[in-house]
Amino acid sequence: MAQYIAQKLRLTSAVLGTVTRKDLAAAFRRVNPETSFDLGRADKWLQGRAQPRQLSVYDDWAKVLRLEQPGAWIAECDLASFTAAISARHGIDRNELERRASAQLEASSSHDDRGLGIALAGTYACYSRALSPYYRGQLIRGDLSIEAGPGAHGLSAIYREALPTGQLALGGPVMPAKRGLYMYLREAGGDAQFFLCLFPQSQPGSVLGGYMCGTTIIGPEPQPSITRILVFRLRDPLPGAEARGGYLLPEQSITEDLASLGMAIEHPEAVERRLTEFLFGDGGADQIPPAEFRAILDVFDRDWLSHAG
């Protein structure tokens, strides 16, 4: 049974002097151009979320390290034995090897963070269902800009909507994670807040999608709300793009609006149906009517007060 795969791969990377997963995969391809070691699988193996199932991967691994032991031994041996074997084979002190592995892990994480920042940074056009009761059933377009900065991930975002009451701008951190991409955005000088929970970013990152949660901005009273949202990456920032946001008219289409932003779309009618299905597939925006909550509040407030003191 395979064990300690993630730790063994990091020690292997330290011996080889590789920094990225791409470099490590290249080392396997050098000993076997048809190797089953690839970037997608390596990411899960290094995170400890999976392990190689093909014995050929371990056989290639033994060749990469120039070990006398077979590939099956690499899979099944304990971590101490593995460390001792590769230390002896490559003439590296065990403590030094472990120090290098730790440094390689930090360097790899830093490299991945910078790469993720570059991949996400840019300007986006956003479409979601209107939360305002005065525009129910319509779509609203917003603009999102993501910038990369220093620090872990170091990503920040600004989301804007051009409302009839004026420009709404919210900013905050972008937090990539294994299971999703999250943004917590707050209005500077105001109390509006939105939380975006999106599918994890994938390459080439042309579109993001998921949920946006917040309260209504335009309406007689605030309502906790959630809506699906699609976020399209633009190739080039457009001058004055922030002023183009706002509610789309019922006859306006997303594909036409994207075309006005310089995005050429083949088969726009079919694409429009798919976008509409995504945004409205579960009905309208999910909102809590204040009266329904007040009815519950009234019951429990009375009970609470009856037992107070």
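The values are calculated or read from the model by the stated rules, or taken from the named source; none is laboratory data. On a predicted model such as this, the values are computed, not experimentally measured, just so you know. Cβ atoms come from the backbone with ideal geometry, glycine included; neighbour counts cover every protein chain shown. What goes into the accessible areas is simple: the full protein's heavy atoms, side chains included, and nothing from ligands, DNA or RNA. Shrake-Rupley method; radii C 1.70, N 1.55, O 1.52, S 1.80 Å.
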Cα extents of the chain along the three principal axes, largest first, in whole Å? 75, 66, 34
To make sure I understand the rule: partners must be lysines, Cα under 20 Å from the Cα of LYS178, and not fewer than 8 residues away in the same chain. Which ones qualify? LYS22, LYS44
Under a point-charge model restricted to the Cβ atoms of Lys and Arg (+1) and Asp and Glu (-1), what is the dipole moment magnitude of the range 23-83 relative to its Cα centre, in debye to the nearest 20? 160 debye
Can you compute the FRET efficiency between TRP73 and VAL271 using 1/(1 + (r/R0)^6), with r the Cβ-Cβ distance and R0 = 51 Å? Round to the nearest 0.05. 0.45
Given 12 as the ceiling on other Cβ atoms within 10 Å, longest exposed-site-free region of the chain for GluC sites (Glu not before Pro) in DSSP loops: 69-250
Nearest 10 degrees, 0 to 90: helix 21-31 Cα axis against the chain principal axis: 40 degrees
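Compute, for the chain, the length of the dipole vector about the Cα centre, with Cβ point charges of +1 (Lys, Arg) and -1 (Asp, Glu) only. Units Debye, rounded to 20.
Approximately 1060 debye in magnitude.
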Keeping the other protein chains in place, figure out the carbon and sulfur percent of the accessible area of the chain, with a 1.4 Å probe. 54 percent
Considering only protein heavy atoms, what per residue accessible area in square angstrom results for the chain with a 1.4 angstrom probe? 56 Å²
So what J values fall out for the range 187-200 if you push phi through Karplus, 6.51 cos²θ - 1.76 cosθ + 1.60 with θ = phi - 60°, rounded to Hz, Gly and Pro as x? 7, 6, x, x, 10, 6, 9, 10, 10, 10, 10, 10, 4, x
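Apply 1/(1 + (r/R0)^6) to the Cβ-Cβ distance of PHE300 and SER202, taking R0 = 51 Å, and write down the FRET efficiency to the nearest 0.05. Can you show the working numbers first?
Values: r = 45 Å, r/R0 = 0.87.
That gives a FRET efficiency of 0.70.
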Helix 5-16: inclination vs the chain longest Cα principal axis, degrees, rounded to 10, gives 60 degrees
Charge context of SER128, other residues only, Cβ under 9 angstrom, K/R +1, D/E -1: +3
Give me the one-decimal nm value for the distance between modelled label points at GLN252 and TYR134, 7 Å along each residue's Cα-to-Cβ direction. 1.6 nm
3J(HN,Hα) from dihedral phi, the range 207-213, Karplus parametrisation 6.51/-1.76/1.60, rounded to Hz, x for glycine, proline: 8, 10, x, x, 10, 10, 10
Just by accessible area at a 1.4 angstrom probe, what is the order of ARG294, ARG100, ARG141 from largest to smallest? ARG294, ARG100, ARG141
